[in-house]
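The values are calculated or read from the model by the stated rules, or taken from the named source; none is laboratory data. Everything numeric in this text was worked out from a predicted model, so none of it was measured. Here Cβ is always computed from backbone atoms with ideal geometry, including for glycine, and neighbour counts include all displayed protein chains.
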Amino acid sequence: MTSVDLTQSKVALGVSGGIAAYKAVEILRGLQRAGCSVRVAMTQRACEFVRPLTFRALSGSHVVVDDYAPENPDPIAHITFSQTVDLLLVAPATANIIAKFAHGIADDFLTSTYLACTSPILVAPAMNTTMWEHPATQRNVQQLRKDGIYFVEPDAGEMACGTIGPGRLSDPEQVVSAALEILRNNKRKDLAGERLLITVGATREQIDPVRFISNRSSGKMGFAVAEAARRRGATVTAIAGATTVDSPAGVDTIRVNSAMEMAEAVRREIANATIFIGAAAVADYRPAERANQKIKKHTEFLTLNLERTEDILSGVAANRPEGMLVVGFAAESENLLENARNKLRTKQVDVIVANDISERNVGFDFDTNAVTILSRINSNPVQLPLMSKKVIADEILDVIVKIRSETATTKASST
């Protein structure tokens, strides 16, 4: 990861009313040690666990609880507080505050700040295990994820109430680490000038008007890469098949259905790209003939004749414009490294991102992944353990930036 100066970074720390509120003091100090300036907002209930004076003494700034309070120096604090920072971090975040965020309720300073915020938002939940696992809380968390909110997953352990399970506020060091990672990523513009074309999701190959064959894919990993690349300065176009998540804001998205439609869209767009990433789960086979009418269940068995679809990744690699970088993905269920190295060589790409789909919480439909990255410039694979797909997206882009930098250095030295 490239070094980024965080000494000018501004963080808004929101503290809601749970027993873990005292840990927000450690989070504040950790951010300050990294060079960040921190302002604090508290809910009324949070003040019952930690007094605002504690945060004021440590931050050196007025702590906002009620923006209508006469001692508040800023009459529109929820606007200036939220729109002049690089990150809004809410820790701890109770089930109540998460529910309010998810449903757009703005009945106090912190919830109003959330709605007015234009910076990235990181939420660190803390609550009783039963509350965390309740379907309502999980629905609210999923909604916030769809809205682009980052999360630090709660730890499992013994609660203040004596129960044991997930829901405890993550270690303050982990919360600080996640916050600093977001700040670094948002300050980097190392892909400025790059035009990234990425395929995302699954293709569907029609059998008849109501049936199709397809590959499993949610599109989460591909869209995470697209979003990260846009944030780091690239112009991004996504060619997307079937996905279970929406395209990120700021990413130009072309929707397709079949492998043939995806291949045609890639051919139309490839001349404008400097980086191509094949993250889609493209069906390798399609029915040789498509029935015009729904096939009836006349017999016990149905035989389909399948034919190969076009290999989009190999086609791009073989016909790439000069200077283009090509990245492929490999979902494997066995012999991960062997199969990934073979794909890197035979498809003549610059990078292969491989994951073992047999592992728990890896790959399809999950918000997490564990990958191995192989590149043509480094014989040693980069192995990333289970982590957020958003974090993995930046790690993949770091490899691309490194290849681009080393290629430019080689060219300069040879002239």
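Here is a list: GLY165, GLY193. Which entry is part of a strand (DSSP E or B) and on the phi > 0 side of the Ramachandran plot?
GLY165
Could you please tell me which pairs satisfy a Cβ distance under 6 Å, a separation of 6+ or placement on different chains, a first residue in segment 290-301 that is under 7 Å from PRO209 (Cα atoms), and a second residue that is at pLDDT 90 or above and in a loop (DSSP other than H, G, I, E, B)?
LYS294/PRO209; LYS294/VAL210
Collect the residues in segment 261-289 that are touching an Asp or Glu at 6+ places or on another chain (Cβ under 7 Å) and either within 29 Å of ALA192 (Cβ to Cβ) or in contact (Cβ under 8 Å) with a residue 24 or more places away in the chain (or both), keeping them in residue-number order.
Correct list: ALA263, THR274, ILE275, ALA283, TYR285, ARG286, PRO287.
When the residues of segment 146-187 are filtered to those that are among the basic types (Lys, Arg) and over 17 Å from ALA91 (Cβ atoms), which remaining residue is surrounded by the fewest Cβ atoms within 10 Å (Cβ to Cβ)?
Once the filter is applied, the top-ranked residue is LYS146.
Only one of these conditions is not met by PRO209: (1) more than 30 Å from ALA279 (Cβ to Cβ); (2) exposed (fewer than 15 other Cβ atoms within 10 Å of the Cβ); (3) modelled with pLDDT of 90 or more; (4) not basic (Lys, Arg). Which number is it?
With respect to (1) more than 30 Å from ALA279 (Cβ to Cβ); (2) exposed (fewer than 15 other Cβ atoms within 10 Å of the Cβ); (3) modelled with pLDDT of 90 or more; (4) not basic (Lys, Arg), PRO209 is out only on (1).
I need a count of the residues in segment 324-372 that are basic (Lys, Arg), in a loop (DSSP other than H, G, I, E, B) and either modelled with pLDDT of 95 or more or surrounded by 18 or more Cβ atoms within 10 Å (Cβ to Cβ) (or both). Before the answer, list the steps.
Residues of segment 324-372 that are basic (Lys, Arg), as a first pass: 341, 343, 345, 347, 360.
From the residues that got through so far, the ones that are in a loop (DSSP other than H, G, I, E, B) too are 347, 360.
Those still in the list that are either modelled with pLDDT of 95 or more or surrounded by 18 or more Cβ atoms within 10 Å (Cβ to Cβ) (or both) too: 347.
The number of residues fulfilling the criteria is 1.
Has segment 172-187 got at least one residue that is in a loop (DSSP other than H, G, I, E, B) and over 20 Å from the mean Cα position of the chain (by Cα)?
No, every residue in segment 172-187 fails to be in a loop (DSSP other than H, G, I, E, B) and over 20 Å from the mean Cα position of the chain (by Cα).
Specify the residue that is nearest to THR43 (Cα to Cα); the eligible residues are those in segment 68-101 that are touching a strand residue (DSSP E or B) at 6+ places or on another chain (Cβ under 9 Å) and surrounded by fewer than 19 Cβ atoms within 10 Å (Cβ to Cβ).
Restricting to residues being touching a strand residue (DSSP E or B) at 6+ places or on another chain (Cβ under 9 Å) and surrounded by fewer than 19 Cβ atoms within 10 Å (Cβ to Cβ), the top hit is ASN72.
I need every pair where a residue in segment 308-335 that is within 26 Å of ASN369 (Cα to Cα) has its Cβ under 8 Å from the Cβ of a residue that is part of a helix (DSSP H, G or I) and of a type in the set (Lys, Arg), sequence separation at least 6 or different chains.
Between residues of segment 308-335 that are within 26 Å of ASN369 (Cα to Cα) and residues that are part of a helix (DSSP H, G or I) and of a type in the set (Lys, Arg), the close pairs are LEU325/ARG404; GLY328/LYS343; ALA330/LYS343.
Take the residues of segment 377-394 that are over 18 Å from ILE198 (Cβ atoms) and in contact with a Lys or Arg (Cβ under 9 Å, 6 or more places away or on another chain): which is surrounded by the fewest Cβ atoms within 10 Å (Cβ to Cβ)? Give the steps one after another, and end with the answer.
Taking segment 377-394 and keeping what is over 18 Å from ILE198 (Cβ atoms), we get 377-388.
Applying the additional criterion that residues be in contact with a Lys or Arg (Cβ under 9 Å, 6 or more places away or on another chain) yields 377-378, 381, 386.
Details: ILE377: 12, ASN378: 14, PRO381: 17, LEU386: 14.
Among residues in segment 377-394 that are over 18 Å from ILE198 (Cβ atoms) and in contact with a Lys or Arg (Cβ under 9 Å, 6 or more places away or on another chain), the one surrounded by the fewest Cβ atoms within 10 Å (Cβ to Cβ) is ILE377.
Are there helices (runs of 4 or more DSSP H) fully within segment 44-132 with at least 1 residues that are under 17 Å from ALA20 (Cβ atoms)? List them.
In segment 44-132, the matching helices (runs of 4 or more DSSP H) lie at 52-59, 95-103, 109-116.
What are the residues in segment 1-41 that are touching a strand residue (DSSP E or B) at 6+ places or on another chain (Cβ under 8 Å), assigned to a loop (DSSP other than H, G, I, E, B) and small (Gly, Ala, Ser), if any?
SER9, SER16, GLY18
For segment 100-135, enumerate the residues that are aliphatic (A, V, I, L, M) and within 13 Å of ILE149 (Cα to Cα).
Within segment 100-135, ALA102, LEU115, ILE121, LEU122, VAL123, ALA124 meet the criteria.
Only one of (1) at pLDDT below 80; (2) outside any loop (DSSP other than H, G, I, E, B) is not met by ASP398, so which one is it?
(1)
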